[in-house]
Every structure is written in C-alpha cells, then in structure tokens.
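Undergrad: Shown below is the structure under consideration.
The values are calculated or read from the model by the stated rules, or taken from the named source; none is laboratory data. Everything numeric here is computed off the predicted structure, so don't read it as measured data. Don't worry about glycine lacking a Cβ; one is built from the backbone with ideal geometry, like all the others, and counts go over all protein chains shown.
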Amino acid sequence: MDRFQKYRHYSSDDLVEDSSFWSWVLREERGEDGFWSEFIASHPNQATAVEMAREKVLQLNNAEFKLPDDKVASLWNKITQASRVALPSEMEQEKTGTGAG
C-alpha cells in the first residue's frame with residue numbers, strides 16, 4: 001500500500017485537521033520533513049492544497065498566541081512609564097552633580 005494513500009485526495013481543509021501535518025508545519029517533529037517533501041514531489045497535484053493548508057495552520061497558530069491589542073497597549077504603556085523613572089545611579093549623580101553631561 002502506498003504510504004501516501006491517506007493524503008492523495010485530501011483538501012487543504014482536511015490537511016488542516018491532520019495532526020501530522022501540523023507537526024510538520026510547526027516543525028515539532030523533524031521526521032515529518034521527509035514524508036511531506038516526498039508527498040509533494042510524488043503528488044504535485046496536491047502542492048496547492050498543501051501550501052494553502054500550511055498557510056492556514058500558520059495563521060491559526062499565530063492567532064492562538066496573539067495578544068489582544070488592548071493588552072499590547074497596556075504593556076507598552078508600562079514599558080514607557082518604567083523607562084521614564086530615573087535609575088538609582090542616575091538619581092545619585094543628580095544629587096552629587098557628577099552626571100555626564
């Protein structure tokens with residue numbers, strides 16, 4: 001039996017639902033590289049479906065770990081406020097007048 005039999009007629013949506021495909025796209029298992037490269041080489045008619053599914057997996061993965069915009073704004077505000085606070089060494093230099101400047 002052809003080891004690619006299962007995937008011969010998969011659509012891009014079918015591939016997105018396959019855990020082996022996700023492992024390959026996200027580089028979780030190095031052993032998957034050879035399988036999927038060979039699959040594409042021996043089934044060029046599936047190359048478009050594979051690429052579309054790959055892009056969708058990457059988008060889904062990014063969406064899962066993307067911070068909401070309000071959280072990003074809040075974190076950025078904290079960073080900018082913290083950077084405005086003088087460091088202890090800078091405060092000491094201001095008191096003694098030994099700052100570089």
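Undergrad: Among the numbered conditions (1) part of a helix (DSSP H, G or I); (2) at pLDDT below 85, tell me where M52 comes up short.
TA: So the condition that M52 fails would be (2).
Undergrad: Go through the residues of segment 18-40 one by one and say whether even a single one is among the β-branched types (V, I, T), out of contact with any His (no Cβ under 8 Å at 6 or more places or on another chain) and loosely packed, with under 12 Cβ neighbours inside 10 Å. First the steps, then the outcome.
TA: Filtering segment 18-40 down to residues among the β-branched types (V, I, T) leaves 25, 40.
Going one step further and asking which of them are out of contact with any His (no Cβ under 8 Å at 6 or more places or on another chain), we end up with 25, 40.
Now narrow it down to the ones that are loosely packed, with under 12 Cβ neighbours inside 10 Å: none.
Within segment 18-40 (the criterion being among the β-branched types (V, I, T), out of contact with any His (no Cβ under 8 Å at 6 or more places or on another chain) and loosely packed, with under 12 Cβ neighbours inside 10 Å), the answer is no, since none of the residues qualifies.
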